[in-house]
Each structure stands twice: as structure tokens, then as C-alpha cells.
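The values are calculated or read from the model by the stated rules, or taken from the named source; none is laboratory data. No experiment lies behind these values; they were computed from the predicted model shown. Every residue, glycine among them, receives a Cβ derived from its backbone with ideal geometry; neighbour counts consider all protein chains shown.
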Amino acid sequence: MARDNDQRTPWLAALVRKYDRADAMGSVSRCESTGDVVGLQHAAARLRHIAASTPSSDAADRAAALNDLGIALQVLFEQCGDQAALVEAVQAGRDAVGATPPDHPNWTLYMNNLGAALGYLYQWGGDPVVLEEQVQVLREAVGITQVSHPHRVMVLNNLTIALRRVFEREDDQAALEEAVQASREAVGGASADDPNRAACLNSLGTTLLKLFERGGDQSVLEEAVQAGRDAVRIPSNQASRAIFLNNLGYALRTLFECAGDQAALVEAVQAGREAVDGTAPDHPNRAMYLHNLGVALLRSFERGGDQAVLEEAIQASRDAVRATPERGGDQAVLEEAIQASRDAVRATPPDHPDFAMYLNALGICLQTLFEWDGDQAVLAESVQVGRDAVRATPPDHPRRAMHLNTLAISLQSLYARGGDLALGEEAVQVARDAVRAVPSDRPDRAMFLNNLSIALQSLFWRAGDPAVGKEAVQVAREAVKATSSDHPDLASRLSSLGNALRKLGDWDGNQAVLKEAVQVGRDALHATPPYAPYRALYLNNLGISLQCLYERGGDPAALEEGRSCCASAASIVSAPVATRVSASRLAARLDLLAGEHDHALEMAELAVELLPQLAPHALARADRENRIVNMSGLASAAATAAIAAGRPEQAVELLEQTRGVLLADTLDARSDLTDLWDREPRLAAAFEDIRKAIEAADHAPDSVGVSNAQALGRPGGAGGVDHRDLAARRADLQRRWTDLLGRIRERPGFDGFLRPPPIDQLRQQAADNPIVYVTVHDERGAALIVVDDPSRPVRVIDLPNLTESAAAAHIDLLSTAQHTALDGTRPARERSAAQRQILGVLAWLWDTVTEPVLQHLGHTTTPPDDGPWPRLWWCPVGMCTFLPLHAAGHHMPASRADTVMDRVISSYTPTIRALAHARASRLRERLAGASASTMLIVAVPDAPQSRPLHSVPEEVELLRRMVPGATMLPPQGTQATRDNVVSALPSHQIAHFACHGVADWAAPANSRLLLHDHLDNPLTLARIARLRLTHVDLAYLSACSTTDTDPDHVDEATHITAAFLLAGYPSVIGTLWPINDRAATAITHDMYAYLTRCGATPPDPALAAQALHHSTRKHRDRYPAVPTRWAAHIHTGT
């Protein structure tokens, strides 16, 4: 009896273990469905105990227990992300396989489960060794398992997925082809009633789509679509069916884009709708399904123009955004992706095969962040990362072309921002290398050619080398030729070819080339759906070509067509704001040429209305400047249009809205928006939200030109960004923006919110002295005199001899002459001749501009030296900013009544609002009862790597005698640094700088005063403008070129003088060009003698304009033949 019991014990024990195992797996199923992580942990512990207690002699039971343990641990990982559980699951799977002979009926099942666990482990850690093991395990299982085995289909499907991952990681074409073969075999082996057949068909469709994207074979795409259709036809659970429908919709949309199959697009929309309808509101995939449906609907709208379809597309996009938690448009997500890419690069050895791929991915992320926020530092980093990626990529690597392309785009973008010729040349060379690395039969070769042409165009436009311009045209022709007639990018490439032709034809005046540019631009439009949002860009490009053709040949038909193109582009509300502003600006210019003054004003008003959306506060100052200066010329065009339409008061209002935009933003922070936050905080918050959203939509990756979605050769893909989706978003945001402005302006006291300041408000600043705008546009010059007259606040003085060409010629002459006159290495005869040329420019300026203005104002004689002098404020517009209006006149011979400085005291202001701000600051000081002025002297005659200023010690000594209580920086034996200067400014009402100044035309925000630490910590324009100083009164900049800036920035007053005005100084003395060291000291002496009554009183900053006027006039009398000594100094402010 005992012997019988002993024999039954192992059998009973095995039976108990089998029962316990089944019970534990039942718990796993229940806990998986309820999300009970604790229950899963307990079940896994039971299975772990069962496996450990199974004797090795019972190999089959032990293998079964290990397999069940692996399944339970996988489920635990899926539920809570327990990585240790996943690692243990893989090991349990290995042990289960190791304990089972290949001829055992469960061996295939165990191998498949091990493969699945390895797949999870690879997805978690990205270890290529794990992926290699997964592929090997599944290959071995497929190779040994009988064709009729019930689990073979499942193994083949998992092998397909693993091989796809190999392809995605290593760009291994053979792996992709093997994946397709395995997937086809899985589908072939799955019977009609096999529960895995639908999943296998879906996997086949996805894999074939990858193969199509790699090779471009349309038959492969058609097979992918058919597999997707077959998957959808098989009854499946709701969640699986939604996945299959979504993937089918994407494949059908791709077929439409490739072949233009309208029926495929209709079917794609229907599949998308069904995928969304079959998905629960809280399902994590719902946002992706909504996004893809929205894209398909937009494509359908572009083809048919059905407004209801567009509305449905917009609604789908809105729902997608709402269904995406903390995603879609969240910059933090993008920055997290960048950090992850950086971590991947740091964690990967340089000799690792994936190192270059990680670098390239980081470069793409950085490019995307730059497109988002315009931060030039991010773009510079993307260039460096791109260079590293290319260096790490072997010459024969299949991804080398793409890595070169990524770098070329970053270089081109950085070149476009800063104008560094070396960057432009490098961008072209890298783009050439990318083209050479692409096989001639590769489907996307046209993309590389197009990007090379764009880089060549940019280089040609700045460098002017005709060989580069001709190469740009030739390469663009090749790109168009390599693009099929039904390809969705044909219009973009035609437009690019038109741009290349236009630039070349405009450069050499070849009308035949310009006519071809126009025709190619028309072809681009014909290839563009009527309602496509990027149609505005192509219309604008065609308008520019037509303008060039008209200006070269005078064809009125070209002018009329150009007007129509630009007006149409400006009216497309779904287009990017920058495109609409550019188009409306050009439309206004063409309208003026055609004599259509009212329509010109309408177009100018539209551009002005859009400006607030163009440069939101979220960007860094330098990046906002870059956006605004691309609209240079808008101010003069708007003013000229209003004058021509007989509305001079509106001309002044528009000038206030289009000039000094950044300056005005800072001032408005104390008025419009601040008042809104104070009184209507909910509307203020909504306003900021919409402006941020518009910024995101305008700078999200687009598929036009060289933006990332197309230029990097990445397919749109499920969940990717598509320009049609962006178009819907922009159109919706534009409507919301207009509606919100209407609601804000309905509130009491906010009817003028973000509107040009009304003339009744502006004229009050001219209560005591007039303010004079001087503007020129094409052949029209005018002065706008603002006076405090309610019935006629603006007087227009036509200046018929002030044309753009005449002004440009005299500005060039002035610049060349002053450089020659100040060049000590040139012969004295040449320098004297240059001084005479400057006097000639000043005489022309008097005859053409200032004398008519002063004549109208009644200032016809020289006031007595001891009596009151009339004052006026000059506000030059555009290129007129380079004209020294205050110094205009006939200064030779001795009778000098015919000069500005012998009739009035001149001051300047960037805008009337800036002048009002300066006056308000000074009034606050007076009301506060400020004590006697305290003075800071910053003297740096010996800045590192700069020419010594030998007269600065003498200048400082003169100042110390007249203002004995002044604070000196640096104290004897120390250095003047940026930080100690910035710290000292708030406690001194007057700041006097005697040092070098540098006007940086390439990057005006980096213009600077040279202190002792300027090489490491420069006192830049940007740093000065960030100061918010109170209780300050006068900044005297005895330095070179502090009011100089490049031509694109003149209307923004992007110079050091204006920066001090913005920092809080109501009165600033600056210079237009480099000044003579001794002349600067002499003018300083005479000015402070006037301010202090020769040292008898503390300096009175309120007399700064008068003091500068009399000191420069006195110096002119000493050296009338040497205008560089006395014409450079100007007073800005009150």
C-alpha cells in the first residue's frame, strides 16, 4: 500500500501543479481585463513558484510553467511598465524553449512567445542585439515548423514585424523584402476562418507600404491597398477594425497622391470616418484617426471645393487636438524629443552603426524647433549636429544622401538668416554632394535636386555670380523633369524653377528669361488645386515675376496680371501670415504703379492689419526682427497709398503702425495689452492664446519649399504633420482672431485696440513744435507735417525730385564719400574731394527735401543767437533714414541762411508714439521732484583689439571739470565691464559714454559699445534694450555709428541710440557714422558747457537738443569744409 502511495505522489503533485497553473493563468486573464496590477503580481509569483517546484525530470510540465510565467510577466509589463518583469519574461521564454525539443507540439508556440517578449524588450531598450535574437528565434521557428502547424501563421506575422524593425533601424532593403515575403506567406497560410487572418492582412498592407515608400513601385502600393481592403472585410473586434480602417485610409490616400485616383480618395475618407466612429472617445488612438481623417477630407476639399467637406475637416482637426493629451502643438513635447535625441547620442559610441542616425534625428528635431520658435541658436546647433552626422556616415551608406540633405537645409536656413557667404557656399556644396549620393533612378531624387536649386538661388541672389544663377535654373529644370505630371510636388518644383528664372532674368535684364519665369509660374498655378492654401505662395511668386517683367519692359498686361495675382494671394485666409503680408504689400505697390490708389490703400491696410500676427512676443527680439525686416518697404508703400488716395491723416496713422513695430510692442506693453489684462483678463488670455497658436501654425513643418516634411524626404505617415491640416488650422485661427478682435473692440475703451493710433491722439505731440515724416516710394516723395490743428492736422508737401533712385544714388555717394574722407591712408586731395561730395549731398538734400518743408512752416531766416529757436522733429521713413536731414543745406560760402541748422533746432524720433513715451518719462521725473542730475562717465579709450582713442582722456578731464561730482567708470586701475556699467546706470540720470561703437549690419541686435570685456560680455543693443530704467534723463553716446543700421532695419530703428531710448532715456545723443576723435571731444566740451553754464550749475538734460544744436553749429562755423566733423551728431527724443 505504501509503495502504491509512493508511486501516485509524483502524478498527483503534477496534477496539482497543472491545476494551480491553470488557476493562476485564469487570474492573469481577469487581472488583465480589469487592470489589477497587484493581482497580476500575485499571479506571477504563483507561476514563479510553480515553475521552480517542477522537477527537471518533468521537462514538459516545467516548460509549460515557464511559458505561462513568461506570458504573465509580459502582461504585467504591458499594464505597469515593469522593466524587470519584462527582462524576466524573456529569460522564462528562453528557459521554456531550452527545456522543449523542436519536435514537441508546443515548441512553436514557445518560440513565438519568446519572440514576442524579445520584441517588447527591443521596443523598450532599443538594443540591436535583442532585435537580432528576436529575428533569429522567429526564423528558426518558421524553418522547423510544419506548414500545416496551427501556430505557424502567427510566427510568420511576428517575424514580419521584427524584420520591419530591422529595416527601419538599419535601412536594410533585404530585411524589408524578407518581411514582405514572410507576410505574404502568413496570409497564404491563414485559412478563411483563421482568427489571425485579418491581422496578417493588415500587417502585409503596412509592410508593402514601407516597400512602396522605399522604391516607389505603384503596383506594390496597389497590393498594399488590396490587403487593407481584405483585412477590413473580415469581421473583427471593434478596436482591431478601427486600426485596420485607419491603415487602409492612409494607404488609399497615398494611392491618391501617387496616382491621382479620385475614387481612392473617396474611399479613404469613408474608411477614416468609420475608424473614428468605431473608436471610444477616450481611446489613445482616437487623435491619430481624427488627424488622418482630417487630412483626407482636406485633400477631398482641395479637389472638389465642397465647403461642407472643409468644415468637416476643420472639425476633425479640432477634435484631434482635443483628443491628444499634452501633444499636438506642445513645444515641451518637442523639447523632450530633442533631449531624448541628445541622450541617445551621448549614450552611443561614435563607432556604433546607429551613431550617425541618432545625430541626424537630433538635427531634424532642432530644425523643427527652429521652425517653431525661430531661435537662431537652435538653428546653429542643428548645423553642427548635421556636420557631425555626415562625418559619421560612411561614403557608401544608403542614408548618406539623407544626412547630407538634412545638413544642407540647416545651412541654407542659417545662411538666409545671417547672410554669411561661407555658409551659403557650404550649403550648396553639401546639397551637391547629396544629389551625387542619390541613384539616378531613385524616386525621390527630384526632391534633392529641388533643394540644391533653392540653395543655389539663395547664394546667387546675394553673391551675384551668374554661373551660380544659371546652375540654379538648370538644376531646377532637372527637378521638374524628374517629377511626374501627376505628382503632388510638381507645382512646388515648377514654382521653384520660376523663382530661379526670375532671379536670373532680373539680374541681367533678360526679358526672354523673365517671360519664361512668368510662364513657369503660371504652370505651377495650373498644377495647383484652386483651394490649396499654398496656392497663395505660388500666386505671390508669379506676381513678383510679373512685376520684374513690367519694370523691364513696361508691358501693361504684365502689370494687370501681377496685380490680380498678388491681390488673390493676399485674400487667401488659410495662407501663412507672412505670405499674405508680402502679397498685400506687393499688391499695393503694383496698384500705385497702375494708378489704382484706393485699392492700393486697401491692400496696404490689409498688410498692416496682419502685422501683429507676424512677430508675436514669444520670439526672441532678434528673431522677431528677422520676421519684420522681411517686410521692409511696407511703411513707405502704405503711406504713399494713403497720400495718393487723398488721406494724409491715415498715412500718418499707418506709418505709426508699420514702423518701429518692436519699439511699439514694448510701449504698448504699458498701454493696450496691459490695459486689457487689467480690465478684461479673460479676453487678454484668449488673445495671447490665439496669437501663440497662429505662431505655431505658421512655423510648424510644412510641405512647401524646403521645409522638413518634404525636404527631408520623410513621408507624412499616420500622425504626421500635413500642410493641408495646417491650412485648415490657419483658416480656423484667422476666423477666431478676427472674431476676438471684434469682441475686444466692443468693450468700452478698447475700440482702438491694435489699430493705428488715431490722428487726434498723435497730433497732440505736435502741440508746441511740428513733427515731419519724410517718405519716398518709387517715383513719389513727400513730407507729412503733423501739427496740432484739429481741422487739418497733416500737411502734405510734394517732393517731386525725391525719388527712390535719386535718394539711393545720394545715399551711396554719401556713404562712399564719408568712408574716403575718414580714411587716413588716402591722399589729402582725395579726402578733401570726398568732403566736397558730402557737402554736395547736403545741398541736394536742402533743395529737394528740407527747404520746401521749412518754407511751408515759415522758417525762412536765422533766429538771433540769444533768442528762442524754433524746433522740429524729423521722422524719416525707409531709405530716407540714411539722409542727415538736420545737416542739409548750402554750407559754403560764408552766407549760411540756407541750411537747416541755421533756421531750426532739429531732433529725431523713430515714431510719434516713441516721442510721446519719452515726454511722459521726463514729465514723471519732474512730477517726482528729482534732485540735481547725477552723471556717470564711462571712458574706454583702450578696448581690447580696437584702435586707441587718444582724445578720450582729454574729453574725460573736460567733463570732470564741468561736472565735478560725476562718477567715473572705470575707477583708476580697474576696467569698465558690462556688468558694472549696467549696475551703475539706474543710479545716474545722465550717462556719458566715450568709447568705440560698432554697428553690426549682419546682426543689428549685436551692435555694441566696446567696453573692456566686450570680447566675452559685450554691451549689445539687445542687452541695452532689455533695461527698464526709471529716473534717467540723458544718454550721450560719444562713439561711432550709434544710429547706424542696415537698410532692412531702418524702419525698426534697430540701432544703439534707439536702444537707449527704449531702455528709458527720454533724450539720447548719437552719431550717424564714424566720428573724428578730436571733433567728438570738441563737440562734447561745447555741449556740456551749454548744459552747465560753463560748469556753474549741474547739467540740465532738458536742454540737450539745444546744447547739441549750438555746439555742432559752432563747430561747423570752425570747419565748414569738413562736414564729417559736425554732421554726424544727432539728438533723438525730447
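Structural remarks
A quick yes/no check of all residues on (1) closer than 24 Å to LEU163 by Cα; (2) at pLDDT 90 or above; (3) hydrophobic (A, V, I, L, M, F, W, C):
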| residue | (1), (2), (3) |
| --- | --- |
| GLU32 | no, no, no |
| GLY39 | no, no, no |
| ARG48 | no, yes, no |
| ALA51 | no, no, yes |
| ASP61 | no, no, no |
| ASP68 | no, yes, no |
| GLY98 | yes, yes, no |
| PRO105 | no, no, no |
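- For ASP230, the requirement of being over 30 Å from ALA527 (Cα atoms), part of a helix (DSSP H, G or I) and among the acidic types (Asp, Glu) is met.
- Against the test of being of a type in the set (A, V, I, L, M), farther than 28 Å from ASN769 by Cα, assigned by TED's automatic domain parsing to the domain that holds LEU1037 and buried (at least 22 other Cβ atoms within 10 Å of the Cβ), the options ILE1075, ILE1083 yield a single qualifying residue, ILE1075.
- Matching residues in segment 119-147 - criterion: being under 24 Å from ARG62 (Cα atoms), in contact (Cβ under 8 Å) with a residue 40 or more places away in the chain and within 45 Å of the chain's Cα centre (by Cα): GLY119, TYR120
- Close pairs (9 angstrom Cβ cut-off, 6 or more residues apart or separate chains): farther than 17 Å from TRP1001 by Cα in segment 873-884, among the charged types (D, E, K, R) and in a helix (DSSP H, G or I) anywhere: VAL877/ASP1051
- Within segment 1097-1134, being without any contact (Cβ under 8 Å) to a residue 24 or more places away in the chain, among the hydrophobic types (A, V, I, L, M, F, W, C) and surrounded by fewer than 24 Cβ atoms within 10 Å (Cβ to Cβ) holds for one residue alone: LEU1103.
- Residue under evaluation HIS699, criteria (1) buried (at least 16 other Cβ atoms within 10 Å of the Cβ); (2) closer than 27 Å to ALA604 by Cα; (3) at pLDDT 50 or above, criterion not met: (3)
- Within segment 448-457, not a single residue is over 30 Å from ALA1005 (Cβ atoms), aliphatic (A, V, I, L, M) and surrounded by fewer than 20 Cβ atoms within 10 Å (Cβ to Cβ).
- Where PHE167 falls short, out of the listed (1) in a helix (DSSP H, G or I); (2) farther than 30 Å from HIS403 by Cα; (3) in contact (Cβ under 8 Å) with a residue 24 or more places away in the chain: (2)
A quick yes/no check of all residues on (1) in contact (Cβ under 8 Å) with a residue 12 or more places away in the chain; (2) closer than 18 Å to MET935 by Cα; (3) of a type in the set (Val, Ile, Thr):
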site	(1), (2), (3)
SER983	no, yes, no
PRO986	yes, yes, no
CYS995	yes, yes, no
TRP1001	yes, no, no
SER1007	yes, no, no
LEU1019	yes, no, no
THR1030	yes, yes, yes
ALA1035	yes, yes, no
CYS1040	yes, no, no
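- All helices (runs of 4 or more DSSP H) inside segment 476-589 with 1 or more residues being more than 28 Å from LEU634 (Cα to Cα) and free of Cβ contacts under 8 Å to residues at least 40 places away in the same chain: 490-508, 511-526
- Candidates LEU176, LEU138, LEU163: the one that is crowded, with 20+ Cβ neighbours inside 10 Å and in contact with a Phe, Trp or Tyr (Cβ under 9 Å, 6 or more places away or on another chain) is LEU176.
- For GLN972, the criteria (1) of a type outside the set (Ser, Thr, Tyr); (2) more than 29 Å from ASP1046 (Cα to Cα); (3) not assigned by TED's automatic domain parsing to the domain that holds LEU1034 hold in every case but one, which is (3).
- Residue check, MET892 part of a helix (DSSP H, G or I), modelled with pLDDT under 95 and outside the structural domain of PRO1120 (by TED's automatic domain parsing): no
- Looking across segment 589-598, the residues that are within 16 Å of ALA651 (Cβ to Cβ) and either surrounded by fewer than 19 Cβ atoms within 10 Å (Cβ to Cβ) or not hydrophobic (A, V, I, L, M, F, W, C) (or both) come down to ARG589, ASP591, HIS597, ASP598.
- Residue within segment 282-290 that is touching a residue at least 24 places away in the same chain (Cβ under 8 Å) and outside any helix (DSSP H, G or I) present: yes
- Of all the criteria given as (1) under 28 Å from ALA52 (Cα atoms); (2) aliphatic (A, V, I, L, M); (3) in contact (Cβ under 8 Å) with a residue 24 or more places away in the chain, the one not satisfied by ALA84 is (3).
- Out of LEU799, LEU842, LEU813, one residue alone is touching a residue at least 60 places away in the same chain (Cβ under 8 Å) and of a type outside the set (Val, Ile, Thr). It is LEU842.
- Scope segment 430-456; condition part of a helix (DSSP H, G or I), free of Cβ contacts under 8 Å to residues at least 40 places away in the same chain and among the small types (Gly, Ala, Ser); matching residues: ALA431, ALA434
- In segment 980-1037, residue farthest from THR1081 (Cα to Cα) [restricted to those that are among the β-branched types (Val, Ile, Thr) and part of a strand (DSSP E or B)]: THR1020
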